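A short worksheet on the structure shown next.
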Amino acid sequence: MAERSGKTLPSEGESEAEGSLSTYERHARSEANKRSVGRKRFWLWSLMAGLLALTVAAASWFYLNREQPLVVLKVAAGPYRSDSYEMLREIAEVVERQSDRMRLEITATRDSSTNITLLNNRQTDLATIRSDTPVIADIRMIAELFPDFFQVITKPENGIFSVHDLEGKTVAIPPFGTDEFRSFWAVADHYDLSITGVKWIAMPFTKAASAFLSDRIDAIFTVRSLRDRLLLNLHEDAILKRQNLKLLAIDQAPAISVKRPFLRAETIPKGTFAGDPAVPRRDTLSSVVSRILVSREDVDVELMRELTSILFENRLDLVIRFALASAIRMPDPAVGLNIPLHDGSEAYFNRNEPSFLQENAEPIALVVTVTGLLISGLFTLRARLTSGQKNRMDSYNYMLLEIGERARNSKKRQELRKLRRDLYQILETVVRALDTDEVTEEGFQSFSLLWESVREMIKDREQELEMSVS
């Protein structure tokens, strides 16, 4: 009856085969879908990461190229009309012309101790101090500005030929409590001068100069640069009044620097203040203390780097404005620094030193070479693995083509059922190979299309045989 209707019911073996096919097919398609979804997610996340990186790069570019606000740095520059004050005023003008984002506001102060207090209280950003001034941990050095020389000025007729001869003489010294006042007593202590033996009078330098030229005092002690305006005025007034001045040597300056490491011994050249007669009359040994520019540690690194570059790259401009600017120099770490360098200044001073990459070029090149070889080896291994997977997948496809050819030429239903079972076994083998990564997902996709075609071919051939029998 079934044959008369032109339809046949599948046998029990065929039903089981079709059930087995459905199970493997669902499993294979499930794995393929998972891999496809994973690949889509990967590309989606890659796209999102790329867009995020592009956004960050654009934002960084706009941030770095934005119009930056003008920063005004306050500078405690020392006493009004002093060398440090005048130099900082000239530096401020050069900074205004050379920098688009920084200005210096110069303020006159009493002395180095006052400047340190202002820095500690965050009332100023930069300050000029003497190198022997006690500082706290967060103070950093920018540059050395110029040397201040210890000077004892007298006249030949006053009978003072050495520091010891100051005993019993009237000596004008800097005002009480200043750094220069303490400097006098450092020298007096070294030479064992009696506190009461020297008739010392604390007064400002201008008053001391007037009293000295009027013969009301016998000598002046001061700590100033060799180009200090008030000091030069004193020597010029003496020449006009036909008074010969004499500069005493601090002949034990090297020994003083041993006890006080922040002082050093240097020579005042013959004829520095006058040429005829020469003042001093010969090269004269003296103690020296450096005047330095410092800032707080938290002042912006880039601003300090820019300020340092202006100081050293516009030296000619500064020297034309203020001759003493020729003494500006980089601190020498080889002799030891009592104050650490600011990170910004250090970055400028080390700008010509080899970078980390330059210093380690050879080992980095070796690492890059070895890494390249490893990557090349991995790609080669992957290519071989992919080639093996492709060859394996090709063999399965050839097996399907052979089954399809045999089904096309088959004239027996029993042989077709055997071919169907072989078809299921190949599917089972390929699904397991896919799970163990013996074949690629792309290869499985092409295999599944061919497998469906062969299955349809077998099904159509069975129907043709059934119709021929009926």
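How many residues are farther than 18 Å from ASP228 by Cα and either open to solvent by less than 10 Å² (accessible area, probe 1.4 Å) or not aromatic (Phe, Trp, Tyr) (or both) when one looks only at segment 142-171? Walk me through how you get there before you give the answer.
Taking segment 142-171 and keeping what is farther than 18 Å from ASP228 by Cα, we get 142-143, 155-171.
Checking the rest, the ones that are also either open to solvent by less than 10 Å² (accessible area, probe 1.4 Å) or not aromatic (Phe, Trp, Tyr) (or both) come to 142-143, 155-160, 162-171.
Residues flagged as farther than 18 Å from ASP228 by Cα and either open to solvent by less than 10 Å² (accessible area, probe 1.4 Å) or not aromatic (Phe, Trp, Tyr) (or both) within segment 142-171 amount to 18.
Table: residues versus (1) in contact (Cβ under 8 Å) with a residue 40 or more places away in the chain; (2) open to solvent by 60 Å² or more (accessible area, probe 1.4 Å); (3) small (Gly, Ala, Ser); (4) touching a Ser or Thr at 6+ places or on another chain (Cβ under 6 Å).
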residue	(1), (2), (3), (4)
MET48	no, yes, no, no
LEU52	no, yes, no, no
PHE62	no, yes, no, no
LEU70	no, yes, no, no
ALA76	yes, no, yes, yes
ILE91	yes, no, no, no
GLU96	no, yes, no, no
ALA108	no, no, yes, no
SER112	yes, no, yes, yes
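If you check ALA137, ALA127, which single one turns out to be at pLDDT 90 or above, small (Gly, Ala, Ser) and either open to solvent by 40 Å² or more (accessible area, probe 1.4 Å) or part of a strand (DSSP E or B) (or both)?
ALA127
Just a yes or no: is a residue in segment 3-14 part of a helix (DSSP H, G or I), within 29 Å of GLU302 (Cα to Cα), modelled with pLDDT under 85 and open to solvent by 100 Å² or more (accessible area, probe 1.4 Å)?
The answer is no; no qualifying residue exists.
Has segment 224-240 got at least one residue that is of a type in the set (Val, Ile, Thr) and crowded, with 19+ Cβ neighbours inside 10 Å? If you could, list the steps in order and put the result at the bottom.
Initially, segment 224-240 is screened for residues of a type in the set (Val, Ile, Thr), giving 239.
Imposing the further condition that a residue be crowded, with 19+ Cβ neighbours inside 10 Å reduces the set to none.
For segment 224-240, residues of a type in the set (Val, Ile, Thr) and crowded, with 19+ Cβ neighbours inside 10 Å: absent.
Using the structure shown, decide if ALA143 is closer than 21 Å to PHE312 by Cβ, modelled with pLDDT under 95 and not polar (S, T, N, Q). Give the steps one after another, and end with the answer.
Working: closer than 21 Å to PHE312 by Cβ: yes; modelled with pLDDT under 95: yes; not polar (S, T, N, Q): yes.
When the stated conditions are applied, ALA143 passes them.
Looking at segment 410-430, which of its residues are part of a helix (DSSP H, G or I), in contact with a helix residue (DSSP H, G or I) (Cβ under 9 Å, 6 or more places away or on another chain) and under 13 Å from ARG461 (Cβ atoms)?
So the first thing to find is which residues in segment 410-430 are part of a helix (DSSP H, G or I), and the list is 413-430.
This time we only want the ones that are in contact with a helix residue (DSSP H, G or I) (Cβ under 9 Å, 6 or more places away or on another chain), so: 413, 415-417, 419-424, 426-430.
Correct list: ARG413, GLU415, LEU416, ARG417, LEU419, ARG420, LEU423.
Could you give every pair whose Cβ atoms fall below 8 Å, whose first residue belongs to segment 438-456 and is surrounded by 14 or more Cβ atoms within 10 Å (Cβ to Cβ), and whose second residue is of a type in the set (Phe, Trp, Tyr) and at pLDDT 75 or above, counting only separations of at least 6 or pairs across chains?
Qualifying pairs under 8 Å: VAL439/TYR396; VAL439/PHE447; PHE447/TYR396.
The values are calculated or read from the model by the stated rules, or taken from the named source; none is laboratory data. On a predicted model such as this, the values are computed, not experimentally measured, just so you know. A quick note on method: Cβ atoms are made from the backbone with ideal geometry, for glycine too, and the neighbour counts reach across all protein chains shown. Quick note on the areas: whole protein, heavy atoms, side chains included, nothing else; ligands and nucleic acids left out. Shrake-Rupley method; radii C 1.70, N 1.55, O 1.52, S 1.80 Å.
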